[in-house]
Amino acid sequence: MPATLPSIITDWFAARDWTPRRHQLEMLEAASEGRHALLVAATGAGKTLAGFLPTLAELIEDMRSPAQAGVQTRSSNPSLGTGSQPALGNTLTPVSGLHTLYISPLKALAVDVRRNLLMPIEEMGLPIRVEARTGDTPSDRKARQRVKPPHILLTTPESLSLLLSHEDSVHMFSTLKRVIVDEVHAFANGKRGDLLSLSLARLQTLAPDLQRVALSATVADPDDYRAWLAPYGDIDQVRLVEGEAAAEPALNILLPEGRVPWAGHSGQHAIPQLIDEIGRNKITLIFCNTRFLAEFIFQKLWDANEPKFAIGIHHGSLSIEARRKVEGAMAEGKLRALVCTASLDLGVDWGDVDCVIQMGAPKGSSRLLQ
């Protein structure tokens, strides 16, 4: 594992006037030392990129042609600037085998991470394949992934457990170098965490040198999560990496105007105020505790939507086509508001969201913070 970033990646940062953050470089150091790592960093601090940087650096090194590894030329890709870097077509040769497994608590997050990860990979011209495997993935693609896996596979604990049940999983995971568990706080304290722990133990048997990485913005006691992540619970094997402090959020309680009903928890009496908030902000996320409440609030908003704002809805019972359409519209900035459930509360990266509204009391303080 290289201890420093390859020039291809540093040139990509430089072309955007960016520099790697301290915690991103520390994740690279942990990987070069062969250690597992837990990254605790605020939302928007580049956690996902920090988790994948060691993977990209290692894949670039693996793909360098021995005869051309030392050749430096000017980039022919204007988006990468004019600095000196390896000529991708000459020095990088595609390799085969699964390198990194990314595990997400939500199907929507896996799809969103794939979209955001493909952008730098394509701009750097890297021959790296990234695919998702969830309950929404077609069966023919799942079968092909077992025979010819991508370099990076994005999945959920349930899909991983099913994948490990196949006889050919021994062959598929024999090349695995890294597992990235995103939003680890959503797993560790529940049944899904128990299922994932069993899967991680099996993966460690198939690939003994496997490095485990966990990411989260909502961790109260890091040592508890280090113990969950570490093989055999030895937290000394897991390096704790803490990100820089983030900007403090502006929290407000939306006080009702006029008469408040004696009964009911839907918050429908605040619909006119929600319309006003949508109008004052660029993109608004409106979280509801149940799918029924999401559908109910969505309908009430449309009934009161005199300004004709583009408002969408997202929850787990919608068809894959409906969910992908809404996710794509949000990523492209075509919606002013989205009514959703917890299907979108874990790290989905829509940078233009400037207002988040929770309808009623949240199910927990950690969920409200998330």
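Only the coordinates and a few stated rules stand behind these numbers; no lab work does. What you are looking at is a predicted structure, and each value in this text was computed from that prediction instead of being measured. Virtual Cβ from ideal backbone geometry, glycine too; neighbours counted across all protein chains shown.
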- Message: Testing the spin-label approximation: label points 7 Å from Cα along Cα→Cβ at SER197 and LEU118. State their distance in nm.
- Response: 3.6 nm
- Computed over the stretch 7-242, the relative contact order (Cα-Cα under 8 Å, seq sep at least six) in percent reads 27 percent
- Once phi is turned into ³J(HN,Hα) by the Karplus curve 6.51 cos²θ - 1.76 cosθ + 1.60 with θ = phi - 60°, what whole-Hz value does each residue of the stretch 254-268 show in order, with x for glycine and proline? 7, 6, x, 10, x, 6, 9, x, 5, 10, x, 10, 6, x, 5
- Message: List the residues, sorted by chain then number, that are 5 or more residues from ALA132 or on another chain and whose placed amide H is less than 5 Å from its amide H.
- Response: LEU154
- Using a Gaussian network for the chain with springs between C-alpha atoms less than 10 Å apart, which of these wobbles most: ALA15, ALA331, ALA42? ALA15
- Note on the structure: At R0 = 56 Å the Cβ-Cβ FRET efficiency linking TRP18 and HIS269, nearest 0.05, sits at 0.80
- Query: Looking at the chain, how many pairs of lysines come closer than 21 Å at the Cα, when each pair is eight or more places apart or spans two chains?
  - Reply: 18
- Query: Of the residues VAL181, VAL260, VAL219, which exhibits the maximal mean-square fluctuation in a Gaussian network model of the chain defined by a 10 Å Cα contact cut-off?
  - Reply: VAL260
- Query: For PHE298, PHE292, what's the fewest-to-most ordering of other Cβ within 10 Å of each Cβ?
  - Reply: PHE292, PHE298
- Message: Report the gain in length on full extension from LEU164 to SER319: 0.36 nm times residue separation, minus Cα-Cα distance, nm rounded to one decimal.
- Response: 53.1 nm
- Note on the structure: Rounded to the nearest 500, the 222 nm mean residue ellipticity computed for the chain from DSSP H runs (n ≥ 4, each -39500 (n - 2.57)) alone is -11500 deg cm²/dmol
- Task: Using only the Cα atoms of the stretch 268-369, build the gyration tensor, take square roots of its eigenvalues as a ≥ b ≥ c, and label the shape rounded, prolate or oblate: rounded if a/c is under 1.5, else prolate if a/b is larger than b/c, else oblate.
- Result: rounded
- Query: Which of these, GLN237, GLN273, GLN204, has the largest mean-square fluctuation under a Gaussian network model of the chain (Cα springs below 10 Å)?
  - Reply: GLN273
